Amino acid sequence: MSSRFLKKNINRYISSGSEISKTATISEKDVYFEFPIHIAPNTSIAAAVQIGKYSFINSGSVIYPNVYIGSYVSLGRNVQIGLAQHPVDWLSSHTFQYGNGQFPNDDKFTSLKKQSHKMHKDTVVGSDV
């Protein structure tokens with residue numbers, strides 16, 4: 001059964017057999033782990049992520065939003081899962097069509113009507129991978 005990740009409980013997770021590096025960056029927003037797990041140094045885990053029991057996330061890996069990783073999964077060093085997807089069938093793949101993040105202080109840029117676009121689509125890595 002998955003548990004919501006809370007930084008304040010990290011010592012309890014470690015004492016239950018998990019290894020979570022102190023240099024790992026883990027969001028507390030909708031992140032669920034099934035313990036025990038191994039999160040290596042310099043790993044980054046974004047919001048809306050689920051990771052199954054006995055999974056091993058190696059050093060320097062980045063798990064982006066909307067990713068489900070099953071149980072008994074082993075990821076190598078510097079793996080990135082769930083990267084942003086840009087629309088390739090629109091006028092341009094530039095973010096001016098769906099976001100303001102790059103130029104928030106430019107009225108010409110921010111005044112454009114934006115389209116709905118989910119940057120990080122759901123990504124599923126099954127179990128035993």
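We did not get these values from a lab; they are worked out from the coordinates using the rules stated. Predicted model, so just to flag it, every value in this text is computed and none were measured. Cβ coordinates were reconstructed from backbone atoms using ideal geometry, including for glycine residues, and neighbour counts include every protein chain displayed.
Laid out as a table, the results:
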quantity	calculated
Computed helical MRE - 222 nm, the chain, DSSP H runs ≥ 4 contributing -39500 (n - 2.57), nearest 500	-1500 deg cm²/dmol
Rounded to the nearest 20 debye, dipole of the range 15-129 from Cβ charges on Lys, Arg, Asp, Glu	180
Residue list for the range 48-88, given a label point 7 angstrom along the Cα-to-Cβ vector of ASN42 and an amide N cut-off under 16 Å	57-63, 76-80
Alpha-carbon centroid distance for the pair the range 79-99 / the range 1-44, whole angstrom	30
Cα-based shape type of the range 84-129, given that a ≥ b ≥ c are square roots of the gyration tensor eigenvalues and the cut on a/c is 1.5	prolate
Surface/4 estimate of mean projected area, convex hull on alpha-carbon atoms of the range 5-129, nm²	9.0
Residue among VAL62, VAL79, VAL31 with the largest mean-square fluctuation in a Gaussian network model of the chain, springs linking Cα atoms under 10 Å	VAL79
